[in-house]
Amino acid sequence: DDGSFQPQSPIRRSEVAAIIYRIVTGDVNDTQAGIYKDYAKFKDVAQNHWAAGYIGYCSNAELVKGYPNGTFQPSGNITGYEVLAMILRAVGYDKNGEFTGADWALNVAKYAEQLHILDNVAKTTNLGAPATRELVSEILFRAINVPMVTYTAAFGYQNVGLNGDKDGKL
């Protein structure tokens, strides 16, 4: 509210959903976000919540997942693993369901490492802890160069962007 960034402060799940919405849609002025306010699939996201449109878009596009009890917990802290999962889904990963189940965080970390998203993140960073604004900024900065992908059972993930590697494979 005071215009400061507060890099060491935790970032909320709703704030990351807003960032992901803006990146994916290019709607940085939020002119279309209100359209999605009633799309949220979570029982704890009211249509009048400030982030309902962002969460609605992201949940409908399957970029965010809620908790087993049907909630999103928009005011809750988000872990580094959860941020990485949202970003990776935004570029096309998780089409094979690899971010579901007991090993979802390991799979997220594996893809993030392979894609060099964690290159500047300290090895001592606990990605299972609440993510700071600084960590999310670094992850987003590193993810800029991650190419969009599509998935087929026959070929796995294939780059569809112009900035991918030569063979188009992860």
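The values are calculated or read from the model by the stated rules, or taken from the named source; none is laboratory data. Everything quoted here is computed from the prediction, not taken from an experiment. Because the Cβ atoms are built from the backbone with ideal geometry, glycine has one as well, and the counts that use them run over all protein chains shown. With ligands, DNA and RNA removed, areas are computed over all heavy atoms of the protein, side chains included. Shrake-Rupley method; radii C 1.70, N 1.55, O 1.52, S 1.80 Å.
Working note: Debye formula, equal point scatterers on the alpha-carbon atoms of the chain, no solvent; log10 I(q)/I(0) at q = 0.15 Å⁻¹ is -0.86.
Rg and Dmax, both from the Cα atoms of region 92-165 and both in Å, are 13.3, 38. In terms of accessible area, using a 1.4 Å probe and ignoring ligands and nucleic acids, Y39, Y21, Y151 rank largest first as Y39, Y151, Y21. Ordered from longest to shortest, the equivalent ellipsoid semi-axes for region 1-42 are 22, 14, 10 Å, each the square root of 5 times a Cα gyration tensor eigenvalue. Applying the Karplus relation 6.51 cos²θ - 1.76 cosθ + 1.60 with θ = phi - 60° to region 132-138 yields 3J(HN,Hα) values of 8, 4, 5, 4, 5, 4, 5 Hz, where x marks Gly and Pro. Residue separation of I144 and H116 scaled by 0.36 nm, minus their Cα-Cα distance, works out to 9.0 nm of gained length. Surface exposure of the chain, expressed per residue as accessible area with a 1.4 Å probe, stands at 56 Å². Take the Cβ atoms of K43 and K123, set R0 to 45 Å, and the FRET efficiency comes out at 0.75. For the chain, the 222 nm mean residue ellipticity estimated from helices alone, with every DSSP H stretch of n ≥ 4 adding -39500 (n - 2.57) and the total spread over all residues, rounds to -10000 deg cm²/dmol.
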